[in-house]
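The values are calculated or read from the model by the stated rules, or taken from the named source; none is laboratory data. Computed from a predicted structure; not experimentally measured. Heads up, the Cβs are rebuilt from the backbone with ideal geometry, glycines too, and the neighbour counts pull from every protein chain shown. To get the accessible areas, we keep the full protein, side chains included, count just its heavy atoms, and leave off ligands, DNA and RNA. Shrake-Rupley method; radii C 1.70, N 1.55, O 1.52, S 1.80 Å.
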Amino acid sequence: MKIIRFVLAAILLLSFAYAQIARPRNQDFDPKPQENPKNPFDFFGQMHNDGVKEIGDLLGWRRSPKDTIYDKTVWYMTKEGSKDYAGIYAARKALFQANDMPSMDSMMVRQGASKMDILYLKKLLALFDNTSLASKSAFIAEVKKLEDQVMAEPGITTDMGNLILASASVARYSVEFWDGMAQTNPGVVGISAGSTSGESFAKVKDVVKGDVKGAIKGAIVTGITGFLGGGPAGGLAGAGAGALGGAIGGSIAAALFD
């Protein structure tokens with residue numbers, strides 16, 4: 001009987017030890033700094049980064065003409081199975097207007113955007129010009145604060161709110177991507193030798209701003225109605241395809257446009 005009890009105790013002890021080894025550590029489930037599980041469109045930022053990396057690798061991270069960048073963006077979107085080729089084309093067209101954001105206000109209003117929609121889109125873009133946000137962590141924290149405000153604001157329309165959240169996701173993931181690039185290959189981001197950390201991050205924000213403006217323009221030019229209504233599982237269509245194509249192309253163009 002003692003032997004049986006000893007064996008059972010040993011089995012229980014070994015089982016407990018194995019459970020401690022096999023049990024997933026809490027940190028494995030902690031979100032990465034650029035992630036925001038509260039944002040239902042958080043996946044959009046990672047999709048953007050995947051596209052930027054593939055196109056950048058394809059171009060060898062060399063300076064390239066805009067047409068080449070746009071053509072590679074359309075190629076990537078088509079390869080990924082986007083269901084809306086009109087959206088892809090519109091995103092390509094939108095990138096030609098990359099520095100003309102104020103002209104989009106009237107188009108947004110015609111598509112049903114409220115004053116609150118436009119206000120929060122501009123708040124998102126204003127973060128890039130905020131010189132006090134001089135580090136990746138500070139910038140991402142402010143983006144997350146704005147996302148909380150958007151999700152709590154009743155005056156924001158559904159489609160435009162979804163676009164703002166998707167664009168905010170692009171901002172967070174893209175700043176993580178390009179800040180990493182600034183550390184390993186600063187020339188790609190336009191950072192010269194001897195730049196301070198603040199100067200380097202300002203360059204990173206300039207590139208990321210191109211991503212976010214591209215996303216906004218790509219979606220609006222395509223037509224914002226029903227933005228990402230089906231989610232990622234159904235494949236991107238309409239404004240979703242326009243936003244992703246615009247964000248990816250805008251990112252590459254901001255860094256590599258010759």
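Which one of these is in a helix (DSSP H, G or I), at pLDDT 95 or above and open to solvent by less than 50 Å² (accessible area, probe 1.4 Å): LEU146, LEU121? Can you show your working first?
Numbers: LEU121 fails: at pLDDT 95 or above.
Unique residue meeting the criteria: LEU146.
Results for (1) in a helix (DSSP H, G or I); (2) at pLDDT below 85; (3) open to solvent by 70 Å² or more (accessible area, probe 1.4 Å), shown as yes or no for each residue.
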| residue | (1), (2), (3) |
| --- | --- |
| ASN49 | yes, no, no |
| VAL52 | yes, no, no |
| GLY56 | yes, no, no |
| TYR76 | yes, no, no |
| GLY81 | no, yes, no |
| ASN99 | no, yes, yes |
| PRO102 | yes, yes, yes |
| MET108 | yes, yes, no |
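Test of understanding: among SER195, SER200, SER174, SER167, which residue is part of a helix (DSSP H, G or I) and in contact with a Pro (Cβ under 8 Å, 6 or more places away or on another chain)?
On the way: SER195 fails: part of a helix (DSSP H, G or I); SER174 fails: in contact with a Pro (Cβ under 8 Å, 6 or more places away or on another chain); SER167 fails: in contact with a Pro (Cβ under 8 Å, 6 or more places away or on another chain).
Of the residues listed, the single one that is part of a helix (DSSP H, G or I) and in contact with a Pro (Cβ under 8 Å, 6 or more places away or on another chain) is SER200.
Filter region 138-148 for residues that are under 15 Å from the mean Cα position of the chain (by Cα) and in contact (Cβ under 8 Å) with a residue 24 or more places away in the chain; which is farthest from PRO40 (Cα to Cα)?
Applying the first criterion (under 15 Å from the mean Cα position of the chain (by Cα)) to region 138-148 yields 139-144, 146-147.
From the residues that got through so far, the ones that are in contact (Cβ under 8 Å) with a residue 24 or more places away in the chain too are 139-140, 143-144, 146-147.
Numbers: PHE139: 20, ILE140: 17, VAL143: 15, LYS144: 13, LEU146: 14, GLU147: 10 Å.
Within region 138-148, the match that is farthest from PRO40 (Cα to Cα) is PHE139.
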